[in-house]
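In what follows, a structure is listed as structure tokens, so that the remarks can point back to it.
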Amino acid sequence: MDDASASASLTAMHVADEVRLTQVRVVQVVHKKRRLAFLTVEDAETGQRGYLLTGDPAYLGPYAAALSRMTGTMMKTPSRP
């Protein structure tokens with residue numbers, strides 16, 4: 001293998017590594033957003049359940065906050081084409 005071929009091979013390997021790293025970062029971001037969305041839904045359910053069981057409107061505060069976070073999260077999440 002000549003120097004030009006070796007250099008091209010190394011460049012291709014480097015580009016492939018960069019692509020893989022980018023994919024890993026994207027997956028990590030998606031996983032984090034999914035986890036935060038799950039926790040937000042869980043907070044809303046907990047507040048709703050508390051209100052339904054007790055009738056105490058104090059439980060609607062965490063419920064409303066969770067709904068607000070959910071709406072903000074959904075607006076920031078890009079949809080796939």
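A short reminder: the numbers here are calculations on the coordinates, not readings from a lab. What you are looking at is a predicted structure, and each value in this text was computed from that prediction instead of being measured. Here the Cβ positions follow ideal geometry from the backbone for every residue, glycine too, while neighbour counts run over all protein chains shown.
Computed quantities for the displayed model
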item	result
Residue order, fewest to most beta carbons within 10 Å, for 11, 40	11, 40
Rounded to the nearest 20 debye, dipole of the chain from Cβ charges on Lys, Arg, Asp, Glu	340
Virtual spin-label span in nm between residue 54 and residue 70, 7 Å along Cα→Cβ	2.1
The chain: angle of helix 60-76 to the longest principal axis, Cα-based, in degrees nearest 10	30
CD proxy at 222 nm, helix term only [per DSSP H run n ≥ 4: -39500 (n - 2.57); per residue of the chain; nearest 500]	-31000 deg cm²/dmol
Sequence of 21, 67 once ranked by neighbouring C-beta atoms within 10 Å, starting from the fewest	21, 67
Farthest toward positive dipole pole in the chain [+1 Lys/Arg, -1 Asp/Glu at C-beta], among 40, 57, 67	57
Rounded to 10°, Cα long-axis angle of helix 3-54 versus longest principal axis of the chain	0
